[in-house]
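The values are calculated or read from the model by the stated rules, or taken from the named source; none is laboratory data. For clarity, every value in this text was computed on a predicted model and none was experimentally measured. Neighbour counts run over all protein chains shown; Cβ positions are idealised from the backbone, glycine included. Note: areas computed on protein heavy atoms with side chains; ligands, DNA, RNA excluded. Shrake-Rupley method; radii C 1.70, N 1.55, O 1.52, S 1.80 Å.
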Amino acid sequence: MADHSNSAPAAGEAAKSAPKPQNPAMRMMGMPNFRFKLPSRNWMIFLTVTGSFTAAIIYDRREKRRAQQKWCDLVAHISKQSLPVEETRRKLTVLLAAPPGDGIRNARDHFKEYVKPILVAAALDYDVVEGRREGDVRAAFAEQIRKERRRAGEPSTVVEEPNTESAIADARKAIGVRDEPGPKGDLIIGRHTWKEYIRGLHEGWLGPLDPPPQPAPEEAAPPLEDPQVPAATVDGNTEYTPAPEQVDEKKEEKKPTKPTGPTPAYIAPIDYPTQNLPPSLPSSLDGSAPIEFPHLLGFLNTPIRIYRYLNQRHVADSVGRDVAAVVLASYARPYTDNSSEAAPTNDVLDIPSSTAPSAIQSQLEHEEADWHKSAHQKDEANPEREREWTSEIVLDPRIASRMQRYALSPEEEARAQRIEQGTEYIIGEERPEPVSFLQRMWIQYGYGEDPEVAKRKPIFGNIDQEDA
């Protein structure tokens, strides 16, 4: 007699493992018979890692947009202020340079991504001073200051050539156009640019208006006669006939060569105390703000670079606060370690004694640890040349006492917090109603209309008097 004790469990397992019949409708549509099951261990690891990384990027970019929008809304009321027809918008100065060991494109991208949106929200004009190599920003900024001193009437033998900038300035002056009254400001991006800014500030105000004398070129020795070159005899006299190769070499030597090194400084830091202050130097300089510029290179620094890539919201919030302070320009303080305490005066120089040089010298000092190693190497061709990036910042107390930094006042900080919480909006405007994601997609791809735009459209009514 056959034993059916083992056949029953085997039949049950076979019934469980058999695939379920496909839906007839799906089979008639030609769809395959999908079997839903949990992914394997390897797929679970892959989906967990990629999903976590994607979620971290999405969260960081969302918070980054919120931080930037907060500071844009804080200064957006300035764009609504009307100006007289004979005034131009207040202009800021932006200084940026190529980071050590890299090109200027990274500095431009940092400016466009973090700084420019806030300037655009406030509708402010700005001038950009760029530097592709070490010393360019220092030379350009110092030349701007020297031009201001010449326009103020200080004597100089330099004759400025007419250019587009001077032509526009003369045309505006002729028709009576003037700048908007109010404080200006400087935005300095990065520690390396900050060092050049301080050096150019001292060079422009303490240095001479005329360029330093150039060293006399060394006289070349007369060419020696080549015995292999035949000599031509004319009227009994022997003339030296150079070879064609030597003629070509002389022509190449006569071609002017453009200088490839940095522009030499008009004054050395050691000469700051011996210089007299120019009569056009104001009692307080325009406020400034050093802007954070984290930039790290190297394959071995990949974990740190990934961490910074996933935490751009903190950079956006820090940079936005500094840029908004310069745009509002409502509160300025000296570069002191503690701005809340009153600064006692020094009877000798009549300057605030708490204007500690270390406060100016230590701005963005932590960024030097991220610089490429090539920035710390000495120039082998000219080892005695002073380096703006690696040299210590030298300050003159007469210039340092006139420097000031823009900061947000407590009232503006409180208003920024209320904007972030959603209880306040741009001054003079009401916060628009939130739009759902589906409606935004419907509007973005051209199938709908933004309600705020529709409110601003003029309604003419029945112009032709036609019956509805």
Filter result for Ile58 (in contact with a helix residue (DSSP H, G or I) (Cβ under 9 Å, 6 or more places away or on another chain) and either in a helix (DSSP H, G or I) or touching a residue at least 24 places away in the same chain (Cβ under 8 Å) (or both)): no
Contacts under 8 angstrom Cβ, first residue in region 278-289 being within 14 Å of Gly185 (Cα to Cα), partner acidic (Asp, Glu) and not in a loop (DSSP other than H, G, I, E, B), 6 or more apart: Asp286/Asp186; Gly287/Asp186; Ser288/Asp186; Ala289/Asp186; Ala289/Asp322
Every pair of residues 6+ apart whose Cβ atoms lie under 7 Å, when the first sits in region 162-190 and is within 30 Å of Glu292 (Cα to Cα) while the second is surrounded by fewer than 15 Cβ atoms within 10 Å (Cβ to Cβ) and among the basic types (Lys, Arg): Lys184/Lys91
Matching residues in region 367-399 - criterion: being open to solvent by 60 Å² or more (accessible area, probe 1.4 Å), under 20 Å from Val137 (Cα atoms) and assigned to a helix (DSSP H, G or I): His376
Region 180-198, residues that are open to solvent by less than 90 Å² (accessible area, probe 1.4 Å) and either over 19 Å from the mean Cα position of the chain (by Cα) or over 30 Å from Val315 (Cα atoms) (or both): Glu180, Gly182, Pro183
Cβ pairs under 8 Å, 6+ apart, first in region 309-335 and outside any helix (DSSP H, G or I), second open to solvent by less than 20 Å² (accessible area, probe 1.4 Å) and of a type in the set (Ser, Thr, Tyr): Ala329/Tyr406; Ser330/Ser409; Tyr331/Tyr406; Tyr331/Ser409; Ala332/Tyr406; Pro334/Thr355; Tyr335/Thr355
Whichever residue in region 400-421 is open to solvent by less than 40 Å² (accessible area, probe 1.4 Å) and in a loop (DSSP other than H, G, I, E, B) and, among such residues, is modelled with the lowest pLDDT: Ser401
Region 153-179 - residue that is hydrophobic (A, V, I, L, M, F, W, C) and modelled with pLDDT under 85 and, of those, most open to solvent (accessible area, probe 1.4 Å): Val159
Extreme residue, modelled with the highest pLDDT, among residues of region 254-283 that are among the hydroxyl-bearing types (Ser, Thr, Tyr) and under 28 Å from the mean Cα position of the chain (by Cα): Tyr266
Pair list, Cβ under 8 Å, 6 or more apart: region 200-222 residue within 26 Å of Ala140 (Cα to Cα), other residue among the aromatic types (Phe, Trp, Tyr) and at pLDDT below 85: Glu203/Tyr266; Gly207/Tyr266; Pro208/Tyr266; Pro211/Tyr266; Pro212/Tyr266
All positions within region 79-104 that are surrounded by fewer than 17 Cβ atoms within 10 Å (Cβ to Cβ), in contact (Cβ under 8 Å) with a residue 12 or more places away in the chain and β-branched (Val, Ile, Thr): Thr88, Ile104
Subset of region 69-114 [among the aliphatic types (A, V, I, L, M) and under 14 Å from the mean Cα position of the chain (by Cα)]: Leu92, Val94, Leu95, Leu96, Ala97, Ala98, Ile104, Ala107
Residue in region 131-140 that is open to solvent by 10 Å² or more (accessible area, probe 1.4 Å) and aliphatic (A, V, I, L, M) present: yes
Residue tally, condition open to solvent by 100 Å² or more (accessible area, probe 1.4 Å) and part of a loop (DSSP other than H, G, I, E, B), over region 434-457: 4
